[in-house]
């Protein structure tokens, strides 16, 4: 066995260890950023606070993310995945029943928006903090909302709404109202608890012709 062959295993181990350490640092940084950005705001929280919460040094942050903006985008991607996980989990409770799927989403949203530390929609929060509509963070928010609206329209169409787009828009407005009410009236407030009933009325009115048939 040559000398170079005897060194390979330990060298590979060092590479794997470095990769593992880097992945763990990235995970810790994203977790810390998610907690701080959501609770206190993206603009308010500096990288020093993130690295302190993550338990790493600033050099580790810049090895994983070239800038705070890149960290913000990674945070939004993580929140986007989490958000649509909530959406599809609600819909999955009633497969093949689009009207009931829509209703279930509002039932679940009202529960989620009633948690004491609920801070509303992270995408709405970010859009308020970045007034420049050309900023990548704002563009990400637009894409998130467009994707949600497309999913709502898909279900309102399947539910047989007389005007699927109009119903999807109305439900979209109601969703945004829940987000706002959670911060102005407070989590678990009357307007939030009323949202599922209002959604049911909107869905029933838009789909009444199909129900009568």
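General observations
- Going by neighbour counts of Cβ atoms within 10 Å, the residues 114, 66, 127 line up, fewest first, as 66, 114, 127.
- The calculated 222 nm mean residue ellipticity attributable to helices in the chain amounts to -26000 deg cm²/dmol, summing -39500 (n - 2.57) over DSSP H runs of n ≥ 4 and dividing by all residues.
- Three-way shape label, the stretch 98-213, alpha-carbon gyration tensor, a/c 1.5: oblate
- Distance between the pseudo-spin-label points of residue 115 and residue 180 (7 Å out from Cα toward the beta carbon): 2.4 nm.
- Extension gain (nm, one decimal) between residue 154 and residue 23, 0.36 nm per residue minus Cα-Cα: 43.4 nm
- Spatial offset of the stretch 136-213 relative to the stretch 38-81 amounts to 31 Å, using the alpha carbon center of each.
- Angle in degrees between helix 68-91 and the longest Cα principal axis of the chain, rounded to the nearest 10: 40
- Cα-based helix-to-principal-axis angle, 136-158 vs the chain, degrees rounded to 10: 40
- For the chain, the longest principal axis of the Cα atoms and the long axis of helix 3-40 meet at an angle of about 40 degrees.
- Among 179, 62, 75, a tally of other beta-carbon atoms within 10 Å of each Cβ gives an order, fewest to most, of 62, 179, 75.
Quick note: the coordinates plus some simple rules give every number you see, no bench work behind them. All figures in this text were calculated on a predicted structure; none of them were measured in a lab. Note: ideal-geometry Cβ built from the backbone for every residue, glycine included; neighbour counts use all protein chains shown.
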